[in-house]
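Structure provided below as structure tokens; questions to follow.
Where a number appears in this text, it was derived from the coordinates with a stated rule and is not lab data. What you are looking at is a predicted structure, and each value in this text was computed from that prediction instead of being measured. Heads up, the Cβs are rebuilt from the backbone with ideal geometry, glycines too, and the neighbour counts pull from every protein chain shown.
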């Protein structure tokens, strides 16, 4: 998957936000597991995460270019 949640994990570490806190804020455990493994989530969930963490989507995700993407 070319989308990575590495920036989110870094943001969480920098701002002392735990996955436990996100779970207590109502983020589903399966969704948190998907984020840990860079699996897709909905834009609705991304919006909820931004609201909880007071950030923008670009603070949470990044696009990873793959070799074939460079030829477009």
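Scanning the stretch 23-48 for residues that are in contact with a helix residue (DSSP H, G or I) (Cβ under 7 Å, 6 or more places away or on another chain) and in a helix (DSSP H, G or I), which turns out surrounded by the fewest Cβ atoms within 10 Å (Cβ to Cβ)?
Result: 29.
Output the qualifying pairs, or none if there are none: Cβ atoms under 7 angstrom, residues six or more apart or on different chains, first residue in the stretch 2-30 and at positive phi and free of Cβ contacts under 8 Å to residues at least 40 places away in the same chain, second residue in a helix (DSSP H, G or I) and surrounded by 13 or more Cβ atoms within 10 Å (Cβ to Cβ).
none
Can you tell me which residue is nearest to the chain's Cα centre (by Cα) among those in the stretch 8-20 that are closer than 14 Å to residue 54 by Cα and part of a helix (DSSP H, G or I)?
Within the stretch 8-20, the match that is nearest to the chain's Cα centre (by Cα) is 8.
Being within 17 Å of residue 2 (Cβ to Cβ) and surrounded by 15 or more Cβ atoms within 10 Å (Cβ to Cβ) is the filter here, so list the residues in the stretch 49-61 that pass it.
Scanning the stretch 49-61 gives 60, 61.
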